[in-house]
Amino acid sequence: MKKSIFLLLASSSLFAFSQNLKSFSYEKDIVSERTVIIEPYKQLSNGAFFMDLTLVSDNPYIDYIEGFDFEWGYRYQLVVQETIFANPPQDASDRTFELVKVNYQIKAYEEPFTLTLINEKYLSNPSDESIIKLKNGYYNYHDSMTFFVPPKLRAEFNRKMKQKMYCKGLFQFDKQGKIYLVKIE
């Protein structure tokens, strides 16, 4: 008898809980506007098979904003439209962001930033490089960031990138917006 009452209570509690979960879901997309800050640099992000540089924001869901042209070295305050999908695709995010307006864009050259460096782009094909040596100490990272490596750091930097070693670099913007590697951690 006690087992029957316990099972009855447990099953009705489970049913009530599942009904409450249904109330948290929604039937149509939720669209809202919000103000966000975008940092003057990007960060390395790992997808399922591909690594890329994505936006850094005070909103943890933002890695890309439709209609926004990011420029390294500038901090932005933006108004974005966020759409949370009622039925999101299984192989993508459950939300998107679209630029509504730029409230401000200010130079942020005085602030250093740290970025993880690894010289591969596709996790399934480690021979595909993400750091391309340009000329005169300049390099391009993930087709997104051009930076200068000073002579005193160049040998260590080239060795780590040739060996596909992960490392952190401390970078600094100059007043013209150029990016310099200051330290390898």
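Number of residues in segment 72-96 that are in contact (Cβ under 8 Å) with a residue 60 or more places away in the chain, within 30 Å of residue 174 (Cβ to Cβ) and surrounded by fewer than 17 Cβ atoms within 10 Å (Cβ to Cβ) equals 0.
Counting only strands (runs of 3 or more DSSP E) that sit completely within segment 110-184, those holding 2 or more residues that are touching a Leu at 6+ places or on another chain (Cβ under 8 Å) correspond to 113-117, 138-141, 145-148, 167-173, 179-184. Looking across segment 44-69, the residues that are part of a loop (DSSP other than H, G, I, E, B) and over 13 Å from the mean Cα position of the chain (by Cα) come down to 48, 49, 67, 68, 69.
Checked against (1) within 30 Å of residue 29 (Cβ to Cβ); (2) part of a loop (DSSP other than H, G, I, E, B); (3) within 21 Å of the chain's Cα centre (by Cα), residue 80 passes all but condition (2). Once segment 159-170 is narrowed to residues that are more than 14 Å from residue 115 (Cα to Cα) and surrounded by fewer than 15 Cβ atoms within 10 Å (Cβ to Cβ), the residue that is farthest from the chain's Cα centre (by Cα) is 159. Residues that are out of contact with any Cys (no Cβ under 7 Å at 6 or more places or on another chain), surrounded by 14 or more Cβ atoms within 10 Å (Cβ to Cβ), at pLDDT 95 or above and of a type outside the set (Gly, Ala, Ser) are absent from segment 120-133. Against the criterion of being closer than 30 Å to residue 31 by Cβ, within 19 Å of the chain's Cα centre (by Cα) and either at pLDDT 85 or above or not basic (Lys, Arg) (or both), residue 143 does not qualify.
Do we find that residue 166 is farther than 23 Å from residue 73 by Cα, out of contact with any His (no Cβ under 7 Å at 6 or more places or on another chain) and not small (Gly, Ala, Ser) in this structure? When the stated conditions are applied, residue 166 passes them. In the set 104, 109, only one residue is among the hydroxyl-bearing types (Ser, Thr, Tyr) and surrounded by 14 or more Cβ atoms within 10 Å (Cβ to Cβ); that residue is 109.
The values are calculated or read from the model by the stated rules, or taken from the named source; none is laboratory data. If you're wondering where the values come from, they're calculated on a predicted model, not measured in any experiment. Positions of Cβ are backbone-derived with ideal geometry, glycine not excepted, and every protein chain shown enters the neighbour counts.
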